[in-house]
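See below for the structure under consideration.
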Amino acid sequence: MSDLNKLTIADARDKLRAGDVTSQDLTTACLGAVEGSGVLNAFVHNTPEIAMAQAAAADARLQSGDAPAMCGIPIGVKDLFCTKAVPSQAGSAILAGFRPEYESTVTQNLFDAGSVMLGKLNMDEFAMGSSNETSVYGDVISPWRRENDTARLTPGGSSGGSASAVAADLCLAATGTDTGGSIRQPAAFTGIVGIKPTYGRCSRWGVVAFASSLDQAGPITKSVRDAAIMLEAMCSHDEKDSTSADIAVPNFEAALSGDIKGKKIGIPKEYRMDGMPDEIEKLWADGTAMMRDAGAEIVDISLPHTKYALPAYYVIAPAEASSNLARYDGVRYGHRAKLAEGDGITEMYEKTRAQGFGPEVKRRVMIGTYVLSAGFYDAYYNRARRVRALIKKDFEDVFAQGIDAILTPATPSAAFGLGEMADADPVQMYLNDVFTVTVNLAGLPGISVPAGLDKQGLPLGLQLIGRPWEEGDLLNAAYVMERAAGFVSKPAKWW
Amino acid sequence: MSIDTKTAAHVAKLARIKVETSELPALAQDFSAILGFIEQLNEVDVDGVEPMVSVTPMRLKRRQDVVTDGNIQDKVLANAPDAREGFFAVPKVVE
């Protein structure tokens, strides 16, 4: 059977269980696709031996009849996840050569469910970026191109390798992480699905930390059903993460009834930004109509502090990053600079970090250092945390009014060309996250669903935001949207 | 708010990142742009609002204060750039 790499998780699961294919067939097909995809630069550490061994084990498990949904499914793993004995660099030179002695909880959960790891996926350095241009491995290239144009486009970021790999059918699905939009924005840019669950659903243990109060792992998949299946396998309560929620993980796939009659979908007026492209405006209106046609009640809502989410994020995330990244000191793991005669420990720190961190990471670590420094802590950091409380309250207020989910655009534009933002100031790049970052600040679940193409033939996504811990309902609303939008476009293979 | 090169150099020092003098003006300019963007937060009335500590209201779990792990010295040191005789090795700290 050809093109096994193009299957969804749900279809592959059914074929595996029926004995129509083996995990080794699927894995071989994906490894072949990965091999032919070098130009995309999505996979950066391939693990074919691990993959084939896991596939053989999965086939044995399938034969014995004890096979969870993810059993035998070949996936890619974002480089941010620590994977035992496999390079885990977070896209940074400072972790060159690092091979963890342990497995992250999320990847362990996936392996326990029988998933097959094809390799590690490219990403923005320490997940800091929106275009996958800050990686030590180089840019990731999107499989999508504008019509009649061969310009290389960004797959988005920071989970750009994950998005590019799934959109190009190199794997059936991939793990991602999302601190300000890093799952949802790349999914939107590449015409696939990405969900960030409620803060605390997925253990952060073994995931290289960026901003601990915002970071969450989640799946990047080809369909909403796949997102439900894979998310369930990733989630768990974990004693090794003190913020991991001690609540049961429901069967998310079972929540996909396709029925949202009577549900209240909020449309927040503050997300109607000045200068928003007409195509995004239209996409949003079309999505609203789809939800109405499906029987949902559309309600205009207000989230008054939306405008302040990005500036609050760009205080809180760098502040946490500056603390988290203090561990990269050249002592315990990763890169250490060569020292000159007479250099002491301070020079070792300063040179190691100057060589090991890229420009965007340095910038954010230093901004974080500044906003936490004596005299500015209250003015910046504490003020941002107060504003964050107000942003969260905005959402609590609308949920208290009975709103079940909130519909917004996922991104302010379609994917842009690699290098197009090179001369812009850093804030211009940060604006990519304008619709997604509120969700991280409030700790809510959010999902991006492909909903249309722009006039140049590039995918556009819509975002649904759910109540905390109600990923099942959120996935169901996304499932309705997915079916109504009927998005089936795929990038034409050029790589 | 405008950040001068002296402040940029001070922040780089605090962050333990070596920045060449020639790079400071561009860095200061980036800081000024980002902090200028952040200044918007001053428009928000935050009187009486507590700074958020945890996005999910939860009481952090406690456990018995006992050793649960250990005897993995080789694993702890496995990735060190310089490990000697069971220790992390660094340049001389105390003269």
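Since every read-out is calculated from the coordinates, none of them should be taken as a lab result. Worth saying up front: this structure is predicted, and the values here are computed from it rather than measured. Neighbour counts are summed over all protein chains in view; Cβ atoms, including those assigned to glycine, are modelled from backbone coordinates with ideal geometry.
Can you put A:Val208, B:Val67 in order of Cβ neighbours within 10 angstrom, beginning with the fewest?
On the way: A:Val208 27, B:Val67 7.
Fewest-to-most ranking of A:Val208, B:Val67: B:Val67, A:Val208.
Please report the net charge: other residues with Cβ closer than 14 Å to the Cβ of A:Lys240, K and R +1, D and E -1. Residues near A:Lys240 contribute -3 overall.
Between A:Glu347 and B:Glu39, the simple spin-label model (points 7 angstrom out along Cα→Cβ) gives 4.0 nm.
Going by average Cβ density within 10 Å per residue, which order do the peptides A:233-239, A:218-224 take, highest to lowest?
Values: A:233-239: 20.6, A:218-224: 27.9.
Ranking the peptides A:233-239, A:218-224 by packing returns A:218-224, A:233-239.
Legend: Rg and Dmax of segment A:245-379, from Cα coordinates, 24.0, 74 Å.
Expressed in nm², what is the orientationally averaged projection area of the convex hull enclosing the Cα positions of segment A:27-153?
Averaged projected area of segment A:27-153's Cα convex hull equals 8.8 nm².
May I ask for the net charge around A:Leu31, where only other residues with Cβ less than 12 Å from the Cβ of A:Leu31 are counted and Lys, Arg are +1 while Asp, Glu are -1?
Details: positive: none; negative: A:Asp25, A:Glu35, A:Glu49.
With Lys, Arg at +1 and Asp, Glu at -1, the neighbours total -3.
Tell me, what is a quarter of the convex hull surface for the C-alpha atoms of segment A:451-495, in nm² with one decimal? Kindly include the intermediate steps, with their values, before the conclusion.
Numbers: hull surface 17.3 nm².
Taking a quarter of the hull surface, the average projection is 4.3 nm².
For A:Gly119, nonlocal amide neighbours, meaning residues 5 or more places apart or on other chains whose placed amide H falls under 5 Å from its own, are A:Thr47, A:Val77.
Of A:Lys362, A:Lys120, B:Lys6, A:Lys263, the sequence from fewest to most neighbouring Cβ atoms within 10 angstrom is B:Lys6, A:Lys263, A:Lys362, A:Lys120. With a Förster radius of 45 Å applied to the C-beta separation of A:Ala379 and B:Val67, the computed FRET efficiency comes to 0.60.
In chain B, what is the volume of the convex hull around the alpha carbon atoms, normalised per residue and reported in Å³? Before the final figure, lay out each step's value.
Values: hull volume 25.7 nm³, N = 95.
Convex hull of Cα atoms, per residue: 271 Å³.
Solvent-free Debye calculation, one equal scatterer per alpha-carbon of the protein assembly as shown: log10 I(q)/I(0) at 0.05, 0.07, 0.11, 0.12 Å⁻¹ equals -0.20, -0.39, -1.01, -1.21. Maximal additional length on extending the A:Ser489-A:Lys269 stretch stands at 76.2 nm, based on 0.36 nm per residue less the C-alpha distance.
Taking K and R as +1 and D and E as -1, what net charge do the other residues with C-beta under 9 Å from the C-beta of B:Val55 add up to? Provide the component values of the computation, followed by the final result.
Working: positive: A:Arg388, A:Lys392; negative: none.
Result for the neighbourhood of B:Val55: +2.
Which of the lysines could a cross-linker bridge to A:Lys240, judged by Cα under 27 Å and excluding same-chain residues fewer than eight apart? Candidates past the 8-residue exclusion: A:Lys78, A:Lys84, A:Lys120, A:Lys196, A:Lys392, B:Lys61, B:Lys75. For segment A:340-431, what class follows from the C-alpha gyration tensor (a ≥ b ≥ c being the square roots of its eigenvalues): rounded when a/c is under 1.5, otherwise prolate if a/b is larger than b/c, else oblate? Because a/c hits 1.5 or more and a/b fails to exceed b/c, segment A:340-431 counts as oblate.
Remark: mean inter-chain Cβ contacts per residue of A:327-336 equal 4, using a 10 Å Cβ-Cβ cutoff to other protein chain atoms. As a proxy for reagent exposure, ranking A:Tyr349, A:Tyr102, A:Tyr380 by other Cβ atoms within 10 Å from fewest up yields A:Tyr102, A:Tyr349, A:Tyr380. The DSSP beta bridges internal to chain A are antiparallel in roughly 65% of cases. Once divided by 2.2 N^0.38 Å, the Cα radius of gyration of segment A:136-279 becomes 1.16.
The string of couplings for segment A:83-96 from the Karplus curve (6.51, -1.76, 1.60, θ = phi - 60°) is 10, 4, 6, 10, x, 9, 10, 6, x, 10, 5, 6, 9, 4 Hz, one whole number per residue in order, with x for Gly and Pro.
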